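The values are calculated or read from the model by the stated rules, or taken from the named source; none is laboratory data. Just so you know, these numbers come straight off a predicted model, no measurement behind them. Every residue, glycine as well, gets a Cβ built from its backbone with ideal geometry; the counts of neighbours run over all protein chains shown. These area figures cover heavy atoms from the full protein model, side chains too; ligands, DNA and RNA do not enter into them. Shrake-Rupley method; radii C 1.70, N 1.55, O 1.52, S 1.80 Å.
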Amino acid sequence: MLAISLLVLFHEGGHFFFSKLFKVRVEKFYLFFDPWFHLFEFKPKKSDTTYGVGWLPLGGYCKIAGMIDESFDTDQMTKPAEDWEFRSKPAWQRLFIMIGGVLVNLILALILYAMILFYWGDVYIPVKNMDLGMKFNTEAKSYGFKDGDILLGTENGEFKDMSGDLFREMSQAKEVYVMRDGKQETINLPGDLNLLNMIQNKPAFAMPFIPNRIDSVMKDSPAAKIGAQKGDKVIAICGKSVDSWNEINLELSKLADVMESAETHEDSMKVRTTSIVLAKANGVRDTSKITLSPELQLGLFYPSIKGLYKPIKVEYSFLESIPAGASYGMHVLGGYINDMQYVFTSEGAKSLGGFGAIGSLFPPVWDWMMFWKMTAFLSIILAFMNILPIPALDGGHVLFLLYEIITRRKPSETFMIRAEYVGIAILMLLMIVANMNDILRWLGYM
């Protein structure tokens, strides 16, 4: 809520700034929407603007005089145009007013990324240093990858870290270079792999190999009750031999799929009751029956990636952080635009998320670096989504203004009102679909 509130204030502040710059009256400036009533409102003396906080946290708005927007205040449009109204200004000034919010969101994101690099630096684990290699799924192995391969890069450059960028680069690559048994090998790829499938498949296309060693045991957990201890290794579960936590988690996810069809308590208990084989630190093998938690958890913790490999830190001076932050922000924007192609597929539509998905981007405990990093990312998303040429969004108004500049003809007010209604309907539909996806995921149907 804090991140969204900041972004809404800055976005609407961009419209507000250019409106004031070109002497256009702003009638209302609101954080959140205020249908029927508001939480707070005040109007400074000698000011034309009423400031307030609404009760519906779906965004905010800057009501600009003489403009057809989501308020659908058409009464003012029937009166003669005043000098201080939006409609009285030249098209180029109206264009700046409309792109003001997007511009501020983009600049804010670049500044945040720069300050993150300046204050915290860039901390990451190079993929080439992950000497235990990767675990690959069946699709990856069909192209020639083998478990234990260390990913190095593609014909377009070296991989940096284990992030979405790595999958995106592999999806577009014709060649991927790996280190195998001390020698560099080349894997040929088609260059058009489905990025969404690479990430969402279970297991994913490639994930860091996590050894099957137990790092710690949760007190009173199912694993604690059978005597599991730190340093033990899980070498079999559910009747399957495993050599890594990648495989252990895969077997547990299969149980989760079976659990969805359980209709009675007896059915669920059959799913929860399984076998596990531990290799104890003294070399003894211990085979036990274990009853998993209702969430199908063992109560075991495995080594973290940061525990297996030492991160490196690249530090930036204040002046160095500015171009580095701008470059990073534009890279994030480019990746987001590239990934938009998947929204128009059935799987992509299912991956849409609303407020629940946004909330899940943030860590479960407070972390200032992650807060600002996610706020910067959301600022880029807000900028891009708002510049889309959809009526009711800034991009829709920009599209009509560009039409006016090119043809020297204004769209009629009737057309603009109807376009606004269409745009609102599209946005409401998208919002319903995105938040319904969140609910279905929460209920376990997606």
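Only one of the numbered conditions (1) crowded, with 18+ Cβ neighbours inside 10 Å; (2) of a type outside the set (Val, Ile, Thr); (3) more than 25 Å from GLY14 (Cα to Cα) is violated by PHE377, and that is (3).
Out of the range 148-165, which residues are touching a residue at least 40 places away in the same chain (Cβ under 8 Å) and either assigned to a strand (DSSP E or B) or buried (at least 16 other Cβ atoms within 10 Å of the Cβ) (or both)?
Taking the range 148-165 first, the residues touching a residue at least 40 places away in the same chain (Cβ under 8 Å) are 148, 151, 162, 164-165.
If the condition is that a residue be touching a residue at least 40 places away in the same chain (Cβ under 8 Å) and either assigned to a strand (DSSP E or B) or buried (at least 16 other Cβ atoms within 10 Å of the Cβ) (or both), then GLY148, LEU151, MET162 are the ones that fit.
Pairing residues of the range 416-441 that are in contact (Cβ under 8 Å) with a residue 24 or more places away in the chain and of a type outside the set (D, E, K, R) with residues that are in a helix (DSSP H, G or I) and surrounded by fewer than 14 Cβ atoms within 10 Å (Cβ to Cβ), at Cβ distances under 9 Å and at least 6 apart in sequence or on separate chains, gives VAL433/ALA349; ASN437/ALA349.
For PHE145, the conditions (1) modelled with pLDDT of 95 or more; (2) exposed (fewer than 15 other Cβ atoms within 10 Å of the Cβ); (3) not in a helix (DSSP H, G or I) are fulfilled apart from (2).
The conditions of being open to solvent by less than 40 Å² (accessible area, probe 1.4 Å), farther than 27 Å from ILE381 by Cβ and either out of contact with any helix residue (DSSP H, G or I) (no Cβ under 9 Å at 6 or more places or on another chain) or at pLDDT 95 or above (or both) are not met by PRO90.
Within the range 114-126, not a single residue is more than 24 Å from the chain's Cα centre (by Cα) and on the phi < 0 side of the Ramachandran plot.
Is the range 180-195 home to any residue that is part of a helix (DSSP H, G or I), at pLDDT below 95 and within 27 Å of LEU252 (Cβ to Cβ)? There is at least one residue in the range 180-195 that is part of a helix (DSSP H, G or I), at pLDDT below 95 and within 27 Å of LEU252 (Cβ to Cβ). Filtered by the rule that a residue be open to solvent by less than 50 Å² (accessible area, probe 1.4 Å) and among the acidic types (Asp, Glu), the range 28-51 gives a lone residue, ASP34.
Of the listed requirements (1) open to solvent by less than 80 Å² (accessible area, probe 1.4 Å); (2) more than 22 Å from ILE125 (Cα to Cα); (3) among the hydroxyl-bearing types (Ser, Thr, Tyr); (4) over 18 Å from the mean Cα position of the chain (by Cα), SER327 misses just one: (2). For the range 388-446, the tally of residues that are aliphatic (A, V, I, L, M), open to solvent by 60 Å² or more (accessible area, probe 1.4 Å) and in a loop (DSSP other than H, G, I, E, B) stands at 1. Please verify whether GLY182 is surrounded by 15 or more Cβ atoms within 10 Å (Cβ to Cβ) and of a type in the set (Gly, Ala, Ser), treating the condition exactly as stated. No. Summed over the range 223-271, residues that are within 24 Å of ASP147 (Cα to Cα) and either of a type outside the set (A, V, I, L, M, F, W, C) or open to solvent by 60 Å² or more (accessible area, probe 1.4 Å) (or both) total 14. Out of curiosity, is PRO57 surrounded by fewer than 16 Cβ atoms within 10 Å (Cβ to Cβ) and closer than 30 Å to ARG408 by Cβ? Against the criterion (surrounded by fewer than 16 Cβ atoms within 10 Å (Cβ to Cβ) and closer than 30 Å to ARG408 by Cβ), PRO57 does not qualify. Can you confirm whether PHE136 is among the aromatic types (Phe, Trp, Tyr) and within 20 Å of TYR336 (Cβ to Cβ)? No, not satisfied.
Quick check on the range 344-358. Is at least one of its residues more than 13 Å from the chain's Cα centre (by Cα), free of Cβ contacts under 8 Å to residues at least 40 places away in the same chain and loosely packed, with under 15 Cβ neighbours inside 10 Å? Yes, that holds for at least one residue.
For the range 363-387, filtered to residues that are in contact (Cβ under 8 Å) with a residue 24 or more places away in the chain and either in a loop (DSSP other than H, G, I, E, B) or more than 13 Å from ALA3 (Cα to Cα) (or both), the residue that is farthest from the chain's Cα centre (by Cα) is ILE387. Looking at the range 220-300, the strands (runs of 3 or more DSSP E) lying wholly inside it that each contain 1 or more residues that are hydroxyl-bearing (Ser, Thr, Tyr) and at pLDDT 90 or above sit at 273-279, 285-291. Of the residues in the range 32-50, not one is in contact with a helix residue (DSSP H, G or I) (Cβ under 7 Å, 6 or more places away or on another chain) and over 18 Å from ILE99 (Cβ atoms).
Residues are listed down the side, and each one gets a yes or a no for (1) in contact (Cβ under 8 Å) with a residue 60 or more places away in the chain; (2) in contact with a helix residue (DSSP H, G or I) (Cβ under 6 Å, 6 or more places away or on another chain); (3) of a type in the set (D, E, K, R):
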| position | (1), (2), (3) |
| --- | --- |
| PHE205 | yes, yes, no |
| ILE210 | yes, yes, no |
| ILE214 | yes, no, no |
| LYS219 | no, no, yes |
| LYS240 | no, yes, yes |
| SER244 | yes, no, no |
| GLU247 | yes, no, yes |
| SER253 | no, no, no |
| ASP257 | no, no, yes |
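Can you tell me which residue among ILE125, ILE111, ILE97 is over 30 Å from PHE415 (Cα atoms) and open to solvent by less than 70 Å² (accessible area, probe 1.4 Å)? Matching residue, one of ILE125, ILE111, ILE97: ILE125. When you check PRO222 against the structure, is it closer than 30 Å to TYR342 by Cα and not aliphatic (A, V, I, L, M), yes or no? No: the conditions fail for PRO222.
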